[in-house]
1. Heavy-atom accessible area per residue, the chain, 1.4 Å probe: how many Å²?
2. Of the accessible area of the range 163-226, with the probe set at 1.4 angstrom, what percent is carbon plus sulfur?
3. Take the alpha carbon gyration tensor of the range 112-237, find the square roots of its eigenvalues, order them as a ≥ b ≥ c, and report rounded if a/c is under 1.5; if not, report prolate when a/b exceeds b/c, else oblate.
4. Go through the range 64-74 residue by residue and turn each phi into a ³J(HN,Hα) via Karplus (6.51, -1.76, 1.60, θ = phi - 60°); whole Hz please, and just put x for glycine and proline.
5. Quick one: if you stick a label point 7 Å off each Cα along the C-beta vector at GLU199 and ASP30, how many nm between them?
6. Quick one: of the DSSP bridges fully inside the chain, what percent are antiparallel, nearest 5?
7. So what's the back-of-envelope 222 nm ellipticity for the chain, counting only DSSP H runs of four-plus at -39500 (n - 2.57) apiece and dividing by all residues, rounded to 500?
8. Just by accessible area at a 1.4 angstrom probe, what is the order of CYS85, CYS168 from largest to smallest?
Amino acid sequence: MKLIDPSRLSPAERLLWDYGVVAPDQIDLDAIANDNGAQVVRRHMDGCEARLLASSDGAVISINSSSYEGRQRFSLAHELAHWLCDRKTGSFLCAKEVIGPQNAEARSVEAHANGYASQLVLPDYLVIPWAEGKRANLDVAKSLANDFNASLTAAAIKLAKRTTLPACIVCHSQSRLMWHQRNAAFSSDFYLLPELHSETEAFKLVFSGGNGMQRPRKEPADRWMSGGGSYRLTLESQSIKLPDATVLTMLTLIK
């Protein structure tokens with residue numbers, strides 16, 4: 001590992017560094033929670049993904065046991081962020097819609113917790129060396145998710161943010177664009193289309209019973225967006241159907 005300057009790490013990364021974390025399999029969120037006075041309980045929960053019950057001398061973090069493991073880990077990291085950073089504001093009941101790496105940039109307490117959680121699950125000081133020399137696509141994101149025991153969505157967003165090429169992660173249901181995350185190189189002049197184009201692999205996935213990850217595919221950029229001269233551009237797309245039946249796609253503009 002390259003020499004790391006702890007003063008340049010984010011608060012979540014510094015927490016991991018203080019615990020001596022130098023490899024992905026050392027990120028033990030349950031142990032960190034317990035060491036900071038928070039008991040972790042996994043149980044069936046209706047209407048929310050996680051809950052933090054805090055008192056002056058400790059906390060209980062409940063995680064929805066029905067969710068897949070990567071989702072549970074992000075939910076635990078999210079509630080741990082509330083406990084470590086927001087404990088003076090009381091308890092939190094966090095729905096699926098507010099917990100997730102796609103919501104890490106808005107200015108709110110929940111967004112701050114998502115940003116903190118992203119760095120707990122996928123800390124830059126470990127991810128950047130891991131990703132060096134690798135392409136930014138969903139195949140690599142899947143490997144990143146497996147190595148860090150993270151969700152594919154979180155891994156895909158992390159990779160898209162780190163690549164120097166213009167990249168964007170989009171998530172669609174059958175009816176609309178649910179959310180998107182673009183990196184700094186992906187121009188704000190591009191307007192993402194609200195519905196899927198019928199000639200995209202994502203369209204076929206969302207309207208079929210099929211699953212699995214599609215292969216990367218080059219196609220006209222204006223199937224996905226408008227503005228910014230997109231009709232003259234080509235991009236690479238790769239899509240996968242998620243457990244909730246939405247389709248996640250990584251878009252990378254080809255120079």
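1. 48 Å²
2. 50 percent
3. Since a/c reaches 1.5 and a/b is larger than b/c, the shape of the range 112-237 is classed as prolate.
4. Result, rounded to whole Hz: 5, 6, 7, 7, 6, 4, x, 5, 4, 5, 5.
5. It works out to 5.1 nm between the two label points.
6. Beta bridges within the chain, antiparallel portion: roughly 85 percent.
7. Helix-only estimate at 222 nm: -9500 deg cm²/dmol.
8. CYS85, CYS168
The values are calculated or read from the model by the stated rules, or taken from the named source; none is laboratory data. These numbers come from a predicted model, not from an experiment. For neighbour counting, all protein chains shown are included, and Cβ atoms are generated from backbone atoms with ideal geometry for every residue, glycine included. Note: accessible area is taken over every heavy atom of the protein model, side chains too, but ligands, DNA and RNA are not part of it. Shrake-Rupley method; radii C 1.70, N 1.55, O 1.52, S 1.80 Å.
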